[in-house]
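See below for the structure under consideration.
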Amino acid sequence: MAAGILITGGAGFIGSHAVEALVRAGRPVRVFDDFSTGSRANLAPWLPRIELVEGDVRDADAVREAARGCESIVHLAAIASVQKSIDDPEATREVNVDGTEHVLVAAREAGVRRVVVASSCAVYGEPDDLPIDEWQPFDPRSPYAASKMAAERLCLSLCDRGGVDIGPLRFFNVYGPRQDPSSDYSGVIARFMERLSMGEPCTVYGDGKQSRDFVYVTDVIAALRLALDARRLGAQPLNVGTGVETSVHELLAALMQGTGRECEVVHAPAREGDVRHSRASRNRAADQLGWEPEVRVADGLATTWAWFQGRASRVEDDDTSPGGDEDTPDNDEFASPDAVAEESAAVPADPAPDFDLDL
């Protein structure tokens, strides 16, 4: 492989979108993934154009081998579930902290120029002020948040060692096509869409007034690409969010209106580790990367719902076809990578207005 980009966790939700964007831009890509949550189906259209390495970030030797010959690394591999981190904090530390250290050390040994590391708005905990800027203190409320805080500190301590520049990006609530609603790692949008499509109750934890900053996946990928090519990042964290709050109740109401489907709303106790409100300040990302989000929540919801309905139809077709294998997509998924990419993630010029949240 020519000097290119290693993407850890490249078979996952965000990772596969990063693979798509970079391949379409003509960049050589190597994917490193253990497929514990990622899927080969996410990479199907791009397999002829990438190098795929199966491995675990907890294996330092495997990470070292994967980094050889790469110019840059996008480190997305992680345990990203707050609840799983509470249930198994040790595994979360091993993947999110030790795994990040393995990536950064391997980058130094391989002479990698730039490592972009996925961090999280969870490091802020319950913020004192909104919008949240990068100067707000750490206040992790879960082992997941603590692991991301520790990973950022590794970035700071190892930045510039061996000539490696490192940039942590604090993602807010990312959503979009390819987010698996059946996964423990999926966000509220994917889960609500699944329940609505199946006519099942939607569970709202707490009173539903808690708010989140939902950022569409292609905007996140745009920030990643800008970070890869920026002059210098210096381990200084950058928020990747829209600066717009949406409450859970507002979100569910917009989904029911936009899909034309109703559901019973079941309230459950607030979950351990959840914060009340979250909204990003994007000033630093704008200043340092020239990044601004382009996708309104209403538009992103419309596109995600359209993808979700197409996914449901494909699942139904697979159920009626003999010899199906969930890890082996239908032949038409290999037919035209450009067509698949345009169908899966592009926001239509005139999305369904019924999703409008005035956002």
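Among the candidates Ala222, Ala235, single out the residue that is within 19 Å of Gly176 (Cβ to Cβ) and either aliphatic (A, V, I, L, M) or over 20 Å from the mean Cα position of the chain (by Cα) (or both). Full working, then the answer.
Values: Ala235 fails: within 19 Å of Gly176 (Cβ to Cβ).
Just one listed residue meets the conditions, Ala222.
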Only one of (1) free of Cβ contacts under 8 Å to residues at least 60 places away in the same chain; (2) part of a helix (DSSP H, G or I) fails for Val53. Which number is that?
-> (2)
Kindly indicate which of Cys155, Cys121 is in contact with a Leu (Cβ under 9 Å, 6 or more places away or on another chain), surrounded by 18 or more Cβ atoms within 10 Å (Cβ to Cβ) and either of a type outside the set (Lys, Arg) or free of Cβ contacts under 8 Å to residues at least 24 places away in the same chain (or both).
-> Cys155
How many residues of region 67-96 are surrounded by fewer than 24 Cβ atoms within 10 Å (Cβ to Cβ) and closer than 30 Å to Arg231 by Cβ? The answer is 4
Residues in region 269-277: is at least one under 30 Å from Arg161 (Cα atoms), in contact (Cβ under 8 Å) with a residue 12 or more places away in the chain and either surrounded by fewer than 18 Cβ atoms within 10 Å (Cβ to Cβ) or touching a helix residue (DSSP H, G or I) at 6+ places or on another chain (Cβ under 9 Å) (or both)?
-> no
Considering each residue of region 24-46, count those that are without any contact (Cβ under 8 Å) to a residue 40 or more places away in the chain and out of contact with any Gly (no Cβ under 8 Å at 6 or more places or on another chain), and give that number.
-> 3
Which members of region 249-278 meet the condition of being of a type in the set (Val, Ile, Thr) and not in a strand (DSSP E or B)?
-> Thr259, Val275
For residues that are touching a residue at least 60 places away in the same chain (Cβ under 8 Å), part of a helix (DSSP H, G or I) and within 19 Å of Gln257 (Cβ to Cβ), tally how many sit in region 191-220.
-> 6
Which of the residues belonging to region 126-150 are surrounded by 21 or more Cβ atoms within 10 Å (Cβ to Cβ) and closer than 15 Å to Leu238 by Cβ?
-> Ile132, Lys148
Those residues of region 60-76 that are touching a helix residue (DSSP H, G or I) at 6+ places or on another chain (Cβ under 6 Å) and either part of a helix (DSSP H, G or I) or under 15 Å from Asp34 (Cα atoms) (or both) come to a total of 6
Surrounded by fewer than 19 Cβ atoms within 10 Å (Cβ to Cβ), modelled with pLDDT under 95 and β-branched (Val, Ile, Thr) - does that describe any residue in region 200-208?
-> yes
Got at least one residue in region 277-295 being modelled with pLDDT under 95 and charged (D, E, K, R)?
-> no
If the Cβ limit is 7 Å and pairs must be 6+ apart or interchain, which residue in region 105-118 that is part of a strand (DSSP E or B) pairs with which residue that is charged (D, E, K, R)?
-> Arg114/Asp165
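The values are calculated or read from the model by the stated rules, or taken from the named source; none is laboratory data. Keep in mind it's a predicted model, so treat the numbers as computed, not measured. Methodologically, a virtual Cβ is constructed for each residue, glycine included, from the backbone with ideal geometry; neighbour enumeration extends over all protein chains shown.
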